[in-house]
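Novice: Have a look at the structure that comes next, please.
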There are 2 protein chains.
Amino acid sequence: MNHKFGIAIHGGAGTILRSSLTPEKEKLYKDALREALSTGYSILEKGGSSLDAVEAAINSLEDCPLFNAGKGAVFNSDGKHEMDASIMNGKDLSAGAVGLISNVKNPISLARKIMENTTHVFVCGEGAENYAKAFRLKIESDQYFYDDFRYQQWQQARMAGGAFLDHHVQSGKSADEKKFGTVGAVALDKQGNLAAGTSTGGMTNKSPGRLGDSAVIGAGTYANNNTCAISCTGHGELFIRAVVGHDVSALMEYKNLSLAEACHEVVMKKLVAIEGEGGLIAIDKHGNIELPFNSEGMYRAMRCSDGREEVAIYK
Amino acid sequence: MNHKFGIAIHGGAGTILRSSLTPEKEKLYKDALREALSTGYSILEKGGSSLDAVEAAINSLEDCPLFNAGKGAVFNSDGKHEMDASIMNGKDLSAGAVGLISNVKNPISLARKIMENTTHVFVCGEGAENYAKAFRLKIESDQYFYDDFRYQQWQQARMAGGAFLDHHVQSGKSADEKKFGTVGAVALDKQGNLAAGTSTGGMTNKSPGRLGDSAVIGAGTYANNNTCAISCTGHGELFIRAVVGHDVSALMEYKNLSLAEACHEVVMKKLVAIEGEGGLIAIDKHGNIELPFNSEGMYRAMRCSDGREEVAIYK
């Protein structure tokens, strides 16, 4: 029962330059990451499950307007918020995923309900929202998700005539400055169980109905007690094509790569080869933690029972 | 240019007992499989691409009312047809997937348009239907998809109070008799390129918004020129959790298993361990073809340029 335990979280990756973030704003982001990290870590410390830690850490990030998930979700081209989330339990490979949902305060909690209380794994749109109501999850008005900064972002994206992959393009900056707003968590608990979860608001001004990797088990989210737990953030289309989460796991299980080697192979080689920008957070069954990304930066944090702790944004 | 080439197709798996299929009905199914097979094979024979062969073979099955895809799609609990499809190009790992679409005659062709003519990979619902209209794909009325047999099936499922995974439960038979109605094709062309595609009408009386593995790249559909092309049919939730398509490919690429060994490991061991009933069709870069299933039967057919040919239903 003295198993090493730990948690890692992310709040999105992309072109996050030191010059574009004021010290005050940097502090806001780091404080929010620290709060989510400590929420999850304290659950693990008390002997709670990795699933509970992952859900609680993501709830904290979903409730924070700084990140593109839950409250901070961006506007799609219809001026709506369409959110996706998925969660996976490494113990029995059970999984839950929701896509294209509106007005649900915490999409990751709905994904967990789908996993634990229905015969389904993947439910989208109104069907998923009906489950949220049936499970008495918190429903919020459009007003709750309204954010003036996000609204201005949407107007900029509309004027530029494109969908922005980033979650806070600065005015005057080109769409080349990509930021992939998504949040996620992976954890290993004292019982040796791994879990992973991811939640996102998608791309600013995206077409209605577009799903990225955050809703796709095997791509944006994957957990398997035999190997590791993974949560991704990046250019979703490329992450789906590369089946990123399962690929890291398969490289460990079938090719005997270490977590670090498998992450490097997928993020720094395979994704780079198809121009798949972004990163991931990973923890393995031994408590090793990796936070690789091939973009300029990634909002990230980790804490392990062996004393390691990190909160970082840039390379 | 004298590369071996071939194609395999399926029309669903499940409890298909010899006793429940009259000789006349068996002939109807086999004729339909033969027609789809020959449509795809003749494209390959003339030097056409594996993508074209896969799309054409699936179009043929989608247009046939016998199979649960396209015209033969089952009713969901709202009395609607919600169809899913996905396609993948092994040459460059490009992919397209659509979910929860209605009134589109050939969902696999929409998945291909998403892959080739948009920046997206995965689009669901009305957003996807709008793409179908923009791409001038054939839209059909609800009447086109109406089938008296499917309607009776839906009424039975409603009375039984459950969702049927099968696509033609016989009256008087229990829901234990599972048939997973889905169609799919995999092909290797003379240029050595692999492709895979899958199309389905989902489960009779399913909840609106439920997605199975047929829409999920890496699970129901996967193709990679380094290894193989896979299309699955079965209990979608379990196939998503097992990331079936990518797992077969990873076992070949990272563990050096043959196509037959990798298929056996996934379909007969890993899926069986989590009670994931169903099967898959697979072709590798050398032209080896496997059609494994752990259910009673699977509608299947294959033809290879080396002379092998098979059309079968039972074990």
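The values are calculated or read from the model by the stated rules, or taken from the named source; none is laboratory data. Just so it is clear, the structure is predicted and the values come from calculations on it, not from any experiment. When we count neighbours, we look across all protein chains shown, and the Cβ atoms used for this are built from the backbone with ideal geometry, even at glycine. With ligands, DNA and RNA removed, areas are computed over all heavy atoms of the protein, side chains included. Shrake-Rupley method; radii C 1.70, N 1.55, O 1.52, S 1.80 Å.
Novice: Across 10 Å bins from 0, what is the distribution of all Cα-Cα pair distances for the protein assembly as shown, in whole percents?
Specialist: Bin by bin from 0 Å, the calculated values are 4, 19, 29, 26, 16, 6, 1, 0.
Novice: Does a label point 7 Å from the Cα of B:Glu265, set along Cα-to-beta-carbon, have any residues of the range A:254-292 with amide nitrogen under 17 Å, and which are they?
Specialist: A:254-258
Novice: Can you list the copy-to-copy distances for A:Gly161, using a point 7 angstrom from Cα toward Cβ, in nanometres, shortest first?
Specialist: Distances between equivalent label points, in nm: 5.7.
Novice: Got a number for the accessible area of A:Tyr151? Probe 1.4 Å, square angstrom, nearest 10.
Specialist: 80
Novice: OK, next. List, in order, the whole-Hz ³J(HN,Hα) value for each residue of the range B:214-231 obtained from phi through the Karplus relation with A = 6.51, B = -1.76, C = 1.60 and θ = phi - 60°; use x for Gly and Pro.
Specialist: 4, 8, 9, 4, x, 9, x, 9, 7, 8, 8, 4, 6, 9, 7, 10, 10, 9
Novice: Calculate the spin-label point distance for A:Tyr314 paired with B:Asp31, positioning each point 7 Å from the Cα along the beta-carbon direction, and give it in nanometres.
Specialist: Between B:Asp31 and A:Tyr314, the simple spin-label model gives 7.2 nm.
Novice: Rounded to the nearest 500 deg cm²/dmol, what is the calculated helix-only ellipticity per residue at 222 nm for the protein assembly as shown, with -39500 (n - 2.57) per DSSP H run of length n ≥ 4?
Specialist: -9500 deg cm²/dmol
Novice: Now for a different question. Kindly write out, for the range A:139-154 in residue order, the coupling ³J(HN,Hα) from the Karplus curve 6.51 cos²θ - 1.76 cosθ + 1.60 (θ = phi - 60°), rounded to whole Hz, with x marking Gly and Pro.
Specialist: Along the range A:139-154, the couplings run 9, 10, 6, 4, 4, 4, 8, 6, 9, 4, 4, 4, 5, 4, 4, 5 Hz.
Novice: What residues qualify as long-range amide H neighbours of A:Ser231, i.e. H under 5 Å apart, gap of 5 or more or another chain, H built at 1.01 Å from N?
Specialist: A:Ile281
Novice: Can you list the distances in nanometres, one decimal and ascending, from the B:Arg308 label point to the identical position in each other copy, with the point 7 Å along Cα to Cβ?
Specialist: Taking the point 7 Å beyond Cα along Cα→Cβ, the inter-copy spacings are 4.6 nm.
Novice: Another one. Compute the whole-percent fraction of alpha carbon pairs in the range B:1-151 spaced more than 25 Å apart. Write out the running numbers ahead of the final one.
Specialist: On the way: 3861 of 11325 pairs.
Considering the range B:1-151, 34 percent of its Cα-Cα pairs are separated by more than 25 Å.
Novice: Run through the DSSP bridge list for chain A and note the antiparallel percent, rounded to the nearest 5.
Specialist: Details: 52 of 56 bridges.
Counting DSSP beta bridges with both partners in chain A, the antiparallel share is about 95 percent.
Novice: Now for a separate question. Multiply the residue gap between B:Gln191 and B:Phe135 by 0.36 nm, knock off their C-alpha separation, and tell me the result in nm, one decimal place. List each step's numbers first, then the result.
Specialist: On the way: separation 56, 0.36 × 56 = 20.16 nm, distance 2.81 nm.
Result for the pair: 17.3 nm of gain on full extension.
Novice: Just checking the output field for B:75-82: average partner chain Cβ neighbours within 10 Å of each residue's Cβ? Don't jump to the answer; show the numbers that get you there.
Specialist: Values: counts 0, 1, 1, 1, 0, 0, 0, 2.
Mean number of neighbouring Cβ atoms from other chains: 1.
Novice: I would also like to ask the following. Give me, ordered by chain and number, the residues 5 or more places off A:Phe180 or on other chains with an amide H under 5 Å from its own placed amide H.
Specialist: Excluding prolines and chain starts, which carry no amide H, the hits are A:Ala13, A:Gly14, A:Thr15, A:His167.
Novice: Loop-only GluC sites (Glu not before Pro) in the range B:263-315, please: DSSP not H, G, I, E or B, and at most 16 other Cβ atoms within 10 Å. Don't skip to the answer; put the middle values down first.
Specialist: Details: sites: B:Glu265, B:Glu275, B:Glu277, B:Glu290, B:Glu296, B:Glu309, B:Glu310; in loops: B:Glu275, B:Glu277, B:Glu296.
Qualifying residues, ordered by number: B:Glu275.
Novice: If you keep only loop residues by DSSP, which trypsin sites (Lys or Arg not before Pro) in the range A:1-66 have at most 16 other Cβ atoms within 10 Å of their Cβ?
Specialist: On the way: sites: A:Lys4, A:Arg18, A:Lys25, A:Lys27, A:Lys30, A:Arg34, A:Lys46; in loops: A:Lys4, A:Lys46.
Filter output for the range A:1-66: A:Lys4, A:Lys46.
Novice: Once the label point is set 7 Å along the Cα-to-beta-carbon vector, what list of distances in nm do you get between A:Lys80 and its counterparts in the other copies?
Specialist: Spelled out, the distances from A:Lys80's label point are 1.1 nm.
Novice: Next question. Residue by residue through the range B:289-303, what is 3J(HN,Hα) from phi via Karplus (6.51 cos²θ - 1.76 cosθ + 1.60, θ = phi - 60°)? Round to whole Hz and write x for glycine and proline.
Specialist: 10, 10, 10, x, 8, 10, 9, 5, x, 8, 5, 8, 7, 8, 8
Novice: Another question about this same structure. Count charges around B:Phe122 for me, please; just the other residues with Cβ under 11 Å from its Cβ, Lys/Arg as +1, Asp/Glu as -1. Could the numbers behind the result be given before it?
Specialist: Numbers: positive: A:Arg210, A:Arg241; negative: A:Asp84, A:Asp213, A:Glu237, B:Asp84.
Charge balance in the 11 Å sphere: -2.
Novice: I would also like to ask the following. Taking amide H positions as placed 1.01 Å from N in the peptide plane, with prolines and chain starts having none, which residues 5 or more places from B:Glu277, or on another chain, fall under 5 Å of its amide H?
Specialist: When sequence neighbours closer than 5 places are left aside, the close amide H contacts are B:His235.
Novice: Let me ask another. Over the Cα atoms of chain B, what Rg and Dmax result, in angstrom?
Specialist: Cα-based Rg and Dmax for chain B come out at 17.5, 57 Å.
Novice: Rounded to the nearest 5, what % of DSSP beta bridges with both residues in the protein assembly as shown are antiparallel?
Specialist: On the way: 108 of 116 bridges.
Roughly 95 percent of the beta bridges in the protein assembly as shown run antiparallel, per DSSP.
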